[in-house]
């Protein structure tokens, strides 16, 4: 039955029965490896469902067996995460990369073809271009500025169009905020799919979800999160999540059972805590990000700002943004005038904003993608997808926006002052040498 209340209200209690836990208002941490059966018959019934030996009977629930398979904290968390995306089922993992890699391994096999958007998170790119390639899975990357017809032709030209099994997209892209049209991806999947072989679509929604974007509503089969980011939101846990219909998540959970990469009870308990404040955190972060982006757009030391709130209304990206997203979000990428040296000088002069990777936390975080999260990409690919030496990625936290703008402004001024000082020193040295 569909819940009647808003997700932010249901985050306080949905899926939890206090009477089963001594009346505790919040779920305790079920720090146990195994669960006791009432009878041998019950144990048999639980395992039949866990191994897919039979279908659930009406009103039958999956019983607790072993924390690698299920756990109360895990199940409550998965139930609550489903509410935001209106998904049938959810699978939670011990990291975002374990969620991504499990999906790729379940829906691809040696000989298959993967079509994926560029850029993607550096870890995802490495898994696709190295690990999957080593086990015989080929891939083709496409950019946001390519049309459906161009992408279809790329797949045809590969000579492996009949092997296309999965389309993997990250939108907005990390770190450039490039947007991918989910409906276009579904049309491409239909073009190459057959009655015997469905082409699935998976979307990494970490930048915008689960609050501001719901890819399942646009024909995506699996939505993936690094729950470390906005869902966790406090830089104190590592986790991932995958959501979709019962058929696809059953496959994901089955592989998760045997890979053993589910989240621990304590991690799930921390995520349940975080879900209660998810909406208020993300809304404040987005409000602050819009003010910061406006400041950056006017600053003479910034050559370009990549932010959904700054898109040109006449652009293709703006049309996708208005259709797929409910907010411009809280992730900003911007380019400093200069190169790596100027970018580093700016980063080294920040005081309030933390120089660290990750995103979506209560504290603002900033980093240099070309030498940090995307350091493993070849120089040619970086140049092709816009990850330049001057590119900075900022994750806006919940600090007061005026303080964040002041910190950025001071660092930009210091960058210019340091640059000028270096130039003067170099000129003096040159004069001494020539003299």
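The numbers here are math on the coordinates, done by the rules we state, and not lab data. Just so we're clear, the structure is a prediction, and the values are computed from it rather than from any experiment. Please note: Cβ atoms are built from the backbone with ideal geometry, for glycine as well, and neighbour counts cover all protein chains shown.
With labels modelled as points extended 7 Å from the Cα through the Cβ direction, what inter-label distance (nm, one decimal) is found for residue 39 paired with residue 66?
Inter-label distance under the simple model: 2.4 nm.
Return the tail of the calculated pair distribution for segment 278-424, meaning the percent of Cα-Cα pairs more than 28 Å apart.
Working: 1967 of 10731 pairs.
Everything past 28 Å amounts to 18 percent.
Out of these labelled values of Cα extents along the principal axes in Å, (i) 244, 53, 50; (ii) 59, 50, 39; (iii) 95, 57, 41, which was calculated from the coordinates shown here?
(iii)
Given the options 36, 120, 199, which has the most mean-square fluctuation in a GNM of the chain, springs set between C-alpha atoms less than 10 angstrom apart?
So, out of 36, 120, 199, the one fluctuating most is 36.
Could you work out, for segment 23-108, what percent of all Cα-Cα pairs fall into each 5 Å distance bin, beginning at 0 Å and stopping at the bin that holds the largest distance?
Calculated P(r), rounded to whole percents: 2, 11, 16, 22, 23, 16, 7, 2, 0, 0.
Could you work out how far the C-alpha centroid of segment 205-232 sits from that of segment 84-117, in angstrom?
The distance from the Cα centre of segment 205-232 to that of segment 84-117 comes to 12 Å.
Obtain the nm distance between the two label points defined at residue 326 and residue 59 by a simple spin-label model: each point lies 7 Å from its Cα along the Cα-to-C-beta direction.
3.4 nm
Hey, quick one: spin label on residue 255, modelled 7 Å out along Cα-Cβ, who in segment 74-101 has an amide N within reach, i.e. under 12 Å?
Flagged as within label range: 98-101.
Within segment 241-283, which residues have the backbone N less than 16 Å from the label spot 7 Å out from residue 24 along Cα→beta-carbon, could you tell me?
264-274
Going 7 Å from the Cα of residue 143 along its beta-carbon direction, which residues of segment 349-381 have the amide nitrogen within less than 11 Å of the resulting point?
Those under the cut-off are 381.
Nearest-5 percent of antiparallel DSSP beta bridges in the chain?
On the way: 23 of 43 bridges.
Rounded to the nearest five, the antiparallel share is 55 percent.
As a test, work out the antiparallel percent of DSSP beta bridges whose residues both lie in segment 278-424, rounded to the nearest 5.
Working: 12 of 14 bridges.
Within segment 278-424, antiparallel bridges account for around 85 percent of the total.
Return the whole-Å distance between the Cα centroid of segment 346-394 and the Cα centroid of segment 28-73.
Here the answer is 44 Å between Cα centres.
Contact order normalised by length for segment 144-232, with contacts defined as Cα pairs under 8 Å and 6 or more residues apart; what percent is it?
Details: 109 pairs, mean separation 23.7, N = 89.
Worked out over segment 144-232, it gives 27 percent.
Can you figure out the FRET efficiency of residue 12 with residue 234, using R₀ = 22 Å and their beta-carbon distance, to the nearest 0.05?
Numbers: r = 18 Å, r/R0 = 0.81.
Efficiency computed from Cβ-Cβ geometry: 0.80.
Counting pairs of alpha carbon atoms under 8 Å apart in space and at least six apart in sequence, what relative contact order in percent does the chain give?
Numbers: 731 pairs, mean separation 67.7, N = 435.
After rounding, I find 16 percent.
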